[in-house]
Amino acid sequence: MEQLLTNLSTVEVKNYQDNGYVLHNRPLFSAEEFDRLHGIMEEHLADRGNKRPDELDTPHFHDPRLLEFLLSDTVLDKVEQLIGPNIGLWSSHFICKEPKTGRRTPWHEDSAYWEGRFDNFDGIVTVWLALDRSFQGNGCMGVIPGTHANGFSEYEKVDNTTNVFEEEIPLSEQELEKVVWFELGQNECSFHDSRIIHGANPNTSEYRRCGYTMRYFSLDLAYNHDHPKAEGHKMWHCRGENKGNNPLIYK
C-alpha cells in the first residue's frame, strides 16, 4: 500500500503562522484516491452546462462522493496542525483554467468575500489541490507572504470579461516583487490563510490548469446565521467540538 506523509513539518507549520501559506510539494492522496477524485472533476466539468469552467462552486452540495476526500484524515490531520482540533468544512470549488482562455484571478483576500459571515477570520484555511500540473505558464496561484496579518484591503474595479472577479487589490511594484508562485505537480497541494493576498495570471499555455479548493474553518469561530447568504449554505462537522454553535451537518 502506498505510504503518505501524514503530518506537515514543524518548518511548514511555522511558515504558515509567519507567512500565511504552506507549499506542500508531496502527494496528498494515494494514486488510486487521486484518480477517482480526478475522474469526478472531469464529470463535473463535462456536465457544467452554461457555467464557465472556473465557476464550479460547492460541488459537494450535490455530489456526496466528494465528502470522502473533504472529510478524509489525510487532509484533516494537516488542517488540524494549522487551525486546531475543532474543524468544520466551509466550502469547496473546482476551478479550471482552459488552455489559452483561462481568465486572470485578480489580487484578493478570500476573507473580503466572506466579510460578515464569521465573527473573525483567523482560523480559516484553504487547501488548494492540483488536479492538473500547475505552473506559471498555465496560471498557477501566487501569494504575497505575510499579508494575512494586514486586515481588509482597499479594492478597485477591473474588467470582469478578462478577470474572474470585478475588483482587485492594487499592488505596488515592491509588493509584486515578493510574490511566491505555487508551482505544483498533480496531487500536490498548498495551504493558505483566508486573509492572505493572492491571485493568478491567465492561462497562456497549451495546458489546462484545474484545482480543487477545500476550505475549512475552526469551530471556535461563530458563523453569522443572519447573513443574507447564510440560507442554503451547508457546512459539515469534520472533527472536534463545535464551540461556536455553528449550524453543521454531522456525518
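Observations, loosely collected:
- Whole-Å distance, taken between Cα centres, linking the stretch 36-90 and the stretch 195-249: 10
- Taking a quarter of the surface of the Cα convex hull of the chain gives a mean projected area of 13.3 nm².
- Protection proxy ranking, highest mean first, for peptides 238-251, 73-86: 73-86, 238-251, where packing is the per-residue count of other beta-carbon atoms within 10 Å, averaged.
- Among 24, 66, 11 the positive-end extreme of the charge dipole of the stretch 1-87 (Cβ point charges): 11
- Residues in the stretch 106-136 that a label on residue 233 would reach, taking backbone N under 17 Å of a point 7 Å out along Cα→Cβ: 109-127
- Fraction of antiparallel bridges per DSSP, the stretch 97-251 only, in percent to nearest 5: 90
- The chain, helix-only ellipticity at 222 nm - DSSP H runs n ≥ 4, -39,500 (n - 2.57), divided by all residues, nearest 500: -5500 deg cm²/dmol
- Evaluating 6.51 cos²θ - 1.76 cosθ + 1.60 at θ = phi - 60° for every residue in the stretch 147-161, the Karplus couplings come out as 6, 5, 9, 8, x, 6, 9, 7, 10, 10, 6, 9, 6, 7, 7 Hz, glycine and proline recorded as x.
- Here the stretch 99-237 yields Rg over Rh of 0.97, to two decimals, using C-alpha coordinates and the Kirkwood radius.
- Only lysine pairs 8 or more places apart, or on different chains, with alpha-carbon atoms under 19 angstrom apart are counted in the chain, and they number 7.
- Taking amide H as placed 1.01 Å from N in the peptide plane, the amide H of residue 107 sits under 5 Å from that of 169, each at least 5 places away or on another chain.
- Centre separation in Å (Cα based) which lies between the stretch 6-26 and the stretch 130-148: 15
- Three-way shape label, the stretch 27-171, alpha-carbon gyration tensor, a/c 1.5: oblate
- For the chain, the relative contact order comes to 31 percent (Cα pairs under 8 Å, sequence separation of at least 6).
- Within the chain: Cβ-based charge dipole about Cα centre, in debye rounded to nearest 20 (Lys, Arg +1; Asp, Glu -1): 320
- Calculated over the stretch 1-106: convex hull of Cα atoms, volume per residue (Å³): 145
Every read-out reported here was derived from the displayed coordinates using simple, explicitly stated rules and does not represent laboratory data. In this text, all values refer to a predicted model and were calculated from it rather than measured experimentally. A quick note on method: Cβ atoms are made from the backbone with ideal geometry, for glycine too, and the neighbour counts reach across all protein chains shown.
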